[in-house]
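Structure, as structure tokens:
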Amino acid sequence: AALRLLVQATPRCGAHRLAASQLRRAIPPSPVALQNAHRSSGRALHTASGQKGWNHEEGGSWSTHAWAGMAAFGGSLALFTSGKIAHAAEQMHTHVYERETGIEYPRSIDAPPFVPSRWKGARPGFVYKNGSKGLGYYMDTYRGKLGYVDIPEDGVKQHLVGVGMRCMLQRCDVHLARAYAIGLYLDHSYVAGFEPAKLTDPRLRKTLRLVMAREVKGPHIAKGFDRTLIPKMRQKTGRKQGPGKEALKTFANAFNRCGTLDVGAEVLFVFGGDGTLSVYIQNVPAARIDSAELCEAVMEMYVGGKPVGPLIKANLLEGYDKVAETGLGKVELPPGTQPMPLQA
């Protein structure tokens, strides 16, 4: 309405008319149009007030003053709105939206700080030593034939590979059936030559970011993970009791203690690459489990032979294929996402 009034009040100002019509179509005014509008505002103010002052007795009619004020307002509005649009356009380069729900995903995140683990026996591809972060497991970069990439433990960016939606009974078309969106992030610590099926390898440093699509109680999430992961852990450890059961119990208890997760609540599964899995709920550390078997089982839950969401598996594996072709962080639109629309 303000823009319509502006155009009606300034019929002689072509630059403002152009800027207003562009703004109505949510198109950022061109730099030339903005420059002309700003100059017109300045000329109008100068004409109305520069010669004999702003009072009626000394010069300048009321209509002239009103026109000058509207012209100045129009120039400021054009500059302000174009700034908002420019900010939204910039966000399109840093964020994307999950296709079904519009949940926002940053294209890259900072990997959480590396925390060394205590000795639990030899691990292929790792050496136990007193490294930069203290005594613990560190990637064995000297075995060149394995293709390990030597990068620092901290200050590493992880890039979005793909996003999917976890839905009850795979009915993502039903709003109440949508549980959470899940996105996979990788950094350059991965082993060269990995195939997509090896996303389950616990040596691959990665992060799964879950964002709740509806309100859900923590114990309900814990029960769902427990039901899915128990058979996988028993198959990997070959026993019902022991370290595998304790690792799964610690994992589930992180959600049993967290209360209710609201819409938009964030959960991170951080795979350290050394057989550890750290759980963050709303940016608060909730658990850290040293179990390569659990790391493998959690990833198999999403990209294994019987995934909890076939579309999740398809998107993550497709994204990994694209990374192999174009390079990490260079995928224009990760599978399962769409560009973030401009904000009004």
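The values are calculated or read from the model by the stated rules, or taken from the named source; none is laboratory data. Since we're looking at a predicted model, the values are computed, not measured. Using ideal geometry, Cβ is built from the backbone for each residue, glycine included, and neighbour counts are taken over all protein chains shown. These accessible areas exclude ligands, DNA and RNA; they are computed on the full protein's heavy atoms, side chains included. Shrake-Rupley method; radii C 1.70, N 1.55, O 1.52, S 1.80 Å.
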(message) Can you give me the % of accessible surface on the stretch 246-286 that is carbon or sulfur? Probe 1.4 Å, all protein chains present, nothing else counted.
(response) 49 percent
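Please give the contour-minus-distance gain from VAL263 to LEU333: 0.36 nm per residue of separation, less the Cα-Cα distance, rounded to one decimal in nm.
Details: separation 70, 0.36 × 70 = 25.20 nm, distance 2.45 nm.
Contour length minus the Cα-Cα distance gives 22.7 nm.
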(message) Among the listed pairs LYS129/LYS217; LYS157/LYS240; LYS120/LYS223; LYS249/LYS330, which have their C-alpha atoms separated by more than 31 angstrom in this model?
(response) LYS129/LYS217; LYS157/LYS240; LYS249/LYS330
(request) Mind ranking LEU248, LEU176 by accessible surface for me, highest first, 1.4 Å probe? (result) LEU176, LEU248
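For the stretch 184-306, what is the relative contact order in percent, using Cα pairs closer than 8 Å and at least 6 residues apart in sequence?
Relative contact order, the stretch 184-306: 32 percent.
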(request) Take GLU215, GLU266 and sort them by solvent-accessible surface of the protein heavy atoms, 1.4 Å probe, largest at the top. (result) GLU215, GLU266
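Please give the FRET efficiency for LYS133 paired with VAL174, using the beta carbon to beta carbon distance and R0 = 35 Å, rounded to the nearest 0.05. Walk me through the numbers on the way to the answer.
Numbers: r = 46 Å, r/R0 = 1.31.
Computed FRET efficiency for LYS133 and VAL174: 0.15.
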(request) Compute the distance in nm between two label points, each set 7 Å from the Cα along the Cα-to-Cβ direction, one at GLU246 and one at ASN283. (result) 3.4 nm
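Keeping every protein chain in place, order ARG239, ARG257, ARG203, ARG234 by accessible area at 1.4 Å, biggest value first, i.e. largest first. Working shown, then result.
On the way: ARG239 130, ARG257 160, ARG203 60, ARG234 110 Å².
So the residues, ranked largest to smallest area, are ARG257, ARG239, ARG234, ARG203.
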(request) About the Cα centre of the stretch 197-324, how large is the charge dipole given +1 on each Lys and Arg Cβ and -1 on each Asp and Glu Cβ? Please answer in debye to the nearest 20. (result) 400 debye
(request) DSSP loop (so not H, G, I, E, B), at most 13 other Cβ within 10 Å: list which GluC sites (Glu not before Pro) in the stretch 300-333 pass both filters. (result) GLU332
(message) Need the full-extension length gain, ASP226 to ALA324, defined as separation in residues times 0.36 nm minus the C-alpha distance. One decimal, nm.
(response) 32.0 nm
